[in-house]
Amino acid sequence: GAGVSQTPSNKVTEKGKYVELRCDPISGHTALYWYRQSLGQGPEFLIYFQGTGAADDSGLPNDRFFAVRPEGSVSTLKIQRTERGDSAVYLCASSLTGGGGEQFFGPGTRLTVL
Amino acid sequence: GESVGLHLPTLSVQEGDNSIINCAYSNSASDYFIWYKQESGKGPQFIIDIRSNMDKRQGQRVTVLLNKTVKHLSLQIAATQPGDSAVYFCAEKGNTDKLIFGTGTRLQVFP
């Protein structure tokens, strides 16, 4: 079966631009997570959805970052006024029910802000 | 794809030997721990997990040991193979659903 997919795989943008990153979770998974991974680091939590609602957004670094999951399936991570420090791999994961279940990761979107 | 980490601690082992990767975690309240494998250009892949009420769990060629007294986790890989070459992360989960990842260790397997 299909795993978690993320598009685009690579995104290059200029400082100050707006970007959207998309995540398609495994079908039927109710929990969806966004993480950010900088070079040489482990993934850092950004936000977690249970269904359509954000259950924990404590990892979002500032108000330039926003994520939605309007129908409880696909999620979009939105970054406004991008900065060079936003450059990283953005990983999405999904879990069947959340609550400690295994999180399955997608391949990530590599964002480069010039 | 780009390497996951250029300055990670590195463990080099010969094919067929056993590997031991160590991890220190931060939160004594964490009750669930996972080891992930990440190959270049890919997302982390689940290897094995353990709950805090256990101190050892075995899978296929892998064993995880948990020492809650010193907040230490280890991953043992038996008969290491070239396909095991990757970056390995430990992750902990506390009372929320988010995972907190460690820094990672690069495993290099040479013939």
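The values are calculated or read from the model by the stated rules, or taken from the named source; none is laboratory data. Since we're looking at a predicted model, the values are computed, not measured. When we count neighbours, we look across all protein chains shown, and the Cβ atoms used for this are built from the backbone with ideal geometry, even at glycine.
Worth a mention:
- Taken over the stretch A:42-55, the criterion of being closer than 12 Å to A:Gly98 by Cα and without any contact (Cβ under 8 Å) to a residue 24 or more places away in the chain is satisfied by A:Gly51 alone.
- Where B:Ser26 falls short, out of the listed (1) part of a loop (DSSP other than H, G, I, E, B); (2) crowded, with 20+ Cβ neighbours inside 10 Å: (2)
- Taking the criterion of being of a type outside the set (S, T, N, Q), surrounded by fewer than 22 Cβ atoms within 10 Å (Cβ to Cβ) and more than 7 Å from every other protein chain (Cβ to nearest Cβ), the residues of the stretch A:92-103 that qualify are A:Leu96, A:Gly101.
- Given (1) closer than 20 Å to A:Leu46 by Cα; (2) among the basic types (Lys, Arg); (3) touching a residue at least 24 places away in the same chain (Cβ under 8 Å), number of the condition B:Lys68 does not satisfy: (1)
- Test for A:Thr30: is it closer than 21 Å to B:Pro44 by Cβ and in contact (Cβ under 8 Å) with a residue 60 or more places away in the chain: yes
- Contacts under 8 angstrom Cβ, first residue in the stretch A:85-102 being modelled with pLDDT of 90 or more, partner acidic (Asp, Glu), 6 or more apart: A:Ser95/A:Glu102; A:Ser95/B:Asp97; A:Leu96/A:Glu102
- The stretch B:65-111: number of residues that are within 14 Å of chain A (Cβ to nearest Cβ), of a type outside the set (Ser, Thr, Tyr) and either part of a strand (DSSP E or B) or in contact with a helix residue (DSSP H, G or I) (Cβ under 6 Å, 6 or more places away or on another chain) (or both): 12
- Some residue of the stretch A:26-43 being assigned to a loop (DSSP other than H, G, I, E, B), at negative phi, more than 14 Å from chain B (Cβ to nearest Cβ) and touching a Ser or Thr at 6+ places or on another chain (Cβ under 9 Å): yes
Per-residue answers, yes or no, for (1) closer than 26 Å to A:Gly99 by Cβ; (2) of a type outside the set (D, E, K, R):
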position	(1), (2)
B:Val13	no, yes
B:Ser26	yes, yes
B:Asp31	yes, no
B:Trp35	yes, yes
B:Gln38	yes, yes
B:Pro44	yes, yes
B:Asn53	yes, yes
B:Gly59	yes, yes
B:Ala78	no, yes
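- Residue within the stretch B:6-22 that is acidic (Asp, Glu) and modelled with pLDDT under 95 present: no
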